[in-house]
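The values are calculated or read from the model by the stated rules, or taken from the named source; none is laboratory data. Just so it is clear, the structure is predicted and the values come from calculations on it, not from any experiment. Using ideal geometry, Cβ is built from the backbone for each residue, glycine included, and neighbour counts are taken over all protein chains shown.
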Amino acid sequence: MKRSTKRRGFTLVEMLVVITIIGIIAAMLLPALQAARESARGAQCKSNLRQFGIGLLLHADRDSRTRLCTGAFDFRRDGCPDTWGWVADLVNLGVCEPGKLLDPGNPMQGLEKWNDIIANGGVTNNAKDGCPAERLTQGFCAGLVDAANEANAALAAEALLDKGYNTNYVASWYLVRGGPKKTAEYVSDSLVYTWPLPNGGASTGKGLGATTGPLTMRMLENSTIPASNIPLLGCGGPGDPGEAFLSDELYSEATDTVYMEAGSRLTEAFCDGPANLVSGNGIWIPEADVDLTNQVAAEMAGDWDAIYAGASAAASHNEGYFLHDTRDWYAHHNGTCNILMADGSVKQFSDQNGDSYLNPGFIIDAVDSGTAGTMFKAGPVELPVQEIFSGVFLENPTHGKAFDTEQD
């Protein structure tokens, strides 16, 4: 006679032990999984930037002025973004669609300049910082409607976003502005270099009116700075809260795609350019004519200690020493930021003090550390001059004659 056998199930204790073991294994694997995902996002970001670099060089090769691009993705400062700016250049050349090559580590899906396009309200008659007025009514922008946000948003989604005119990467000031339109004259037998800002500072150093225009190959080839140290594009930081939340949904009926929802946080468009720190009054770009004489002397001598100290203890925002305002880049990738250089390489820079920004050399004290006007926390130089340029002049402004030698 066969003995019957009963099937024995798991006891509650055994099940709890198994669940606990699975939980421990999952907890051990999760950081590795997250690290693998971030590594993949970082690799994709670098790949995007390299592709943009190839496109910028192709544009320079075909452009009569050898410009790497025609400017920034900035409607009011540069023109309609399907006609002007580095994004338009890459799309129109057929190189790539930057809107489909977004930085996967950046939660923000577009630039704050979308609000200028959507909330038109007469903006097509209000060019900014020296932008030629006709640029605001070229391309799809000719169809923008005053004070009709919803209609403009729908038009922009189909005419721009469907075709890849978008980005969440931020250009350097050098790429889209080149350098200052400077003057030089003798004052008491000393040569004084001045950067005049048009209209008493109403046209700032962020605009075309006060600068030489987008970076050219001629400038690169004659630069005193190695191309491997000249930054072009980097991971984008969040825009100012007062202007960097999307006003209206960007939805394309043609492709049934919601690209960005109303209220989405947006990123900056490009770095502001030369700036200095006035203690208690933050880091700002100049707002009147600028004396660059000290800057010229220090850069030509390679005296970066003087530049760091002078840019961090300015008496006014219009004089002294200046550094590239890099607060528009952000360390999205596990505390690092990827930056495309002019030689086509991509360098990775680390945020070393937990503020997510990359300090080019400002010496921050307790009074200004992390404040609204400064953003940078006290800490080390995170963009070392040996690896990346953060000054003003890509070309030697003293090259050639040191004195006037010809009679009037």
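LEU292 falls short on exactly one of the conditions (1) surrounded by 17 or more Cβ atoms within 10 Å (Cβ to Cβ); (2) farther than 25 Å from LYS181 by Cβ, and that condition is (2).
Would you check if there is a residue in the range 188-200 being within 21 Å of the chain's Cα centre (by Cα), closer than 18 Å to PRO286 by Cα and surrounded by fewer than 24 Cβ atoms within 10 Å (Cβ to Cβ)? Lay out the reasoning, then the answer.
Taking the range 188-200 first, the residues within 21 Å of the chain's Cα centre (by Cα) are none.
Within the range 188-200, not a single residue is within 21 Å of the chain's Cα centre (by Cα), closer than 18 Å to PRO286 by Cα and surrounded by fewer than 24 Cβ atoms within 10 Å (Cβ to Cβ).
For LYS128, the test of being at pLDDT below 95 and among the charged types (D, E, K, R) is passed. Would you check if there is a residue in the range 294-305 being acidic (Asp, Glu), in contact (Cβ under 8 Å) with a residue 24 or more places away in the chain, in contact with a helix residue (DSSP H, G or I) (Cβ under 8 Å, 6 or more places away or on another chain) and under 28 Å from GLY85 (Cβ atoms)? Checked against the condition, which is being acidic (Asp, Glu), in contact (Cβ under 8 Å) with a residue 24 or more places away in the chain, in contact with a helix residue (DSSP H, G or I) (Cβ under 8 Å, 6 or more places away or on another chain) and under 28 Å from GLY85 (Cβ atoms), the range 294-305 yields no hits at all. Here is the figure for the range 193-229: residues that are in a helix (DSSP H, G or I), in contact with an Asp or Glu (Cβ under 7 Å, 6 or more places away or on another chain) and closer than 21 Å to GLY302 by Cα total 4. Taken over the range 259-273, the criterion of being out of contact with any strand residue (DSSP E or B) (no Cβ under 7 Å at 6 or more places or on another chain) and either assigned to a strand (DSSP E or B) or farther than 17 Å from PHE73 by Cβ (or both) is satisfied by GLU261, ALA262. Only one entry of LEU323, LEU233 meets the criterion of being crowded, with 24+ Cβ neighbours inside 10 Å and touching a Gly at 6+ places or on another chain (Cβ under 6 Å), and that entry is LEU323.
Yes/no matrix, rows are residues, columns are (1) hydrophobic (A, V, I, L, M, F, W, C); (2) under 21 Å from LEU208 (Cβ atoms); (3) surrounded by 14 or more Cβ atoms within 10 Å (Cβ to Cβ):
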site: ASP89; (1), (2), (3): no, yes, yes
site: ASN126; (1), (2), (3): no, yes, no
site: CYS131; (1), (2), (3): yes, yes, yes
site: CYS141; (1), (2), (3): yes, yes, yes
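Among the residues of the range 192-225, just one is over 22 Å from VAL290 (Cα atoms) and free of Cβ contacts under 8 Å to residues at least 60 places away in the same chain, namely GLU221.
Residues checked against (1) farther than 17 Å from ASN229 by Cβ; (2) among the acidic types (Asp, Glu):
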position: ALA313; (1), (2): yes, no
position: ASP328; (1), (2): yes, yes
position: ASN338; (1), (2): no, no
position: LEU358; (1), (2): no, no
position: ALA366; (1), (2): yes, no
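Determine which member of the set GLY361, GLY373, GLY400, GLY344 is at pLDDT below 95, in a loop (DSSP other than H, G, I, E, B) and on the phi > 0 side of the Ramachandran plot.
Just a single option satisfies the conditions, and that option is GLY400.
Yes or no, residue by residue, for (1) under 19 Å from PHE362 (Cα atoms); (2) among the aliphatic types (A, V, I, L, M):
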position: TYR259; (1), (2): no, no
position: SER264; (1), (2): no, no
position: ALA269; (1), (2): no, yes
position: PRO274; (1), (2): yes, no
position: GLY280; (1), (2): yes, no
position: VAL296; (1), (2): yes, yes
position: ALA306; (1), (2): yes, yes
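Determine which single condition ALA60 fails, assuming it passes every other condition in (1) among the small types (Gly, Ala, Ser); (2) under 30 Å from ASP146 (Cβ atoms); (3) not in a loop (DSSP other than H, G, I, E, B). Unmet condition: (2).
Looking for whichever is touching a residue at least 40 places away in the same chain (Cβ under 8 Å), over 22 Å from the mean Cα position of the chain (by Cα) and in a loop (DSSP other than H, G, I, E, B) here; the options are ALA288, ALA309, ALA314, ALA331. Which one fits? Exactly one residue qualifies, and that residue is ALA288.
I'd like to know if the range 157-167 contains one or more residues that are at pLDDT below 95 and crowded, with 19+ Cβ neighbours inside 10 Å. No, the conditions are met nowhere in the range 157-167.
For MET217, the criteria (1) over 28 Å from SER316 (Cα atoms); (2) in contact with a Phe, Trp or Tyr (Cβ under 8 Å, 6 or more places away or on another chain) hold in every case but one, which is (2).
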